[in-house]
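Enquirer: Have a look at the structure that comes next, please.
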Amino acid sequence: MGLTKSAQFTDAQNELSALAKAIGHPARIAIIEYLLSVDTCICGDIVEVLPLAQATVSQHLKELKNAGLIKGNIEGTAICYCIDEKGFERTKSFFDYVMVSLQNKRNECC
């Protein structure tokens with residue numbers, strides 16, 4: 001298997017790429033939307049509203065958590081999930097930068 005070239009990019013570029021990859025699946029978007037509507041929940045709550053198996057939902061939650069978009073706190077035998085605002089703030093900062101750059105070049109586009 002070939003080596004990735006991620007080491008040739010900045011930490012910020014790699015981090016943003018991981019965030020984008022994490023939200024690059026419709027099930028993960030649905031999970032984020034659900035968490036926004038309820039504030040906190042456990043995996044079983046999400047399984048009840050999505051057409052996915054518990055194992056699949058757990059895998060999606062793991063990817064979102066690894067990317068820093070959600071947090072999970074252990075409560076008894078379950079993990080209670082919620083949105084991690086820091087991850088979304090980093091994403092927002094990037095898109096704010098893109099929008100400012102576009103506004104500054106509005107008349108210079110091809």
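The values are calculated or read from the model by the stated rules, or taken from the named source; none is laboratory data. This structure is a prediction, so every number in the text was calculated from the model and none was measured. Ideal geometry is used to build each Cβ from the backbone, glycine not excepted, and the neighbour counts take in all protein chains shown.
Enquirer: Need at least 3 residues that are closer than 30 Å to Ser6 by Cβ per element, so show me which strands (runs of 3 or more DSSP E) inside segment 21-110 make the cut, counting only ones lying wholly within it.
Expert: 70-75, 78-83
Enquirer: Provide a single number: the residues in segment 16-26 that are modelled with pLDDT of 95 or more and surrounded by 16 or more Cβ atoms within 10 Å (Cβ to Cβ).
Expert: The number of residues fulfilling the criteria is 0.
Enquirer: Okay, next question. Being among the charged types (D, E, K, R) and over 26 Å from Lys92 (Cβ atoms) is the filter; apply it to segment 29-79 and report the residue that is surrounded by the most Cβ atoms within 10 Å (Cβ to Cβ).
Expert: Asp45
Enquirer: Within the set of pairs 6 or more residues apart or between chains, which connect a residue that is under 10 Å from Ala18 (Cβ atoms) inside segment 58-72 to a residue that is in a helix (DSSP H, G or I) and not aliphatic (A, V, I, L, M) with Cβ atoms less than 7 Å apart?
Expert: Between residues of segment 58-72 that are under 10 Å from Ala18 (Cβ atoms) and residues that are in a helix (DSSP H, G or I) and not aliphatic (A, V, I, L, M), the close pairs are Glu63/Arg28; Ala67/Gly87; Gly68/Lys86; Gly68/Gly87; Leu69/Gly87; Leu69/Phe88.
Enquirer: Can you tell me which residue in segment 23-47 is farthest from Gln59 (Cα to Cα), limited to those that are among the charged types (D, E, K, R) and without any contact (Cβ under 8 Å) to a residue 12 or more places away in the chain?
Expert: The residue in question is Glu33.
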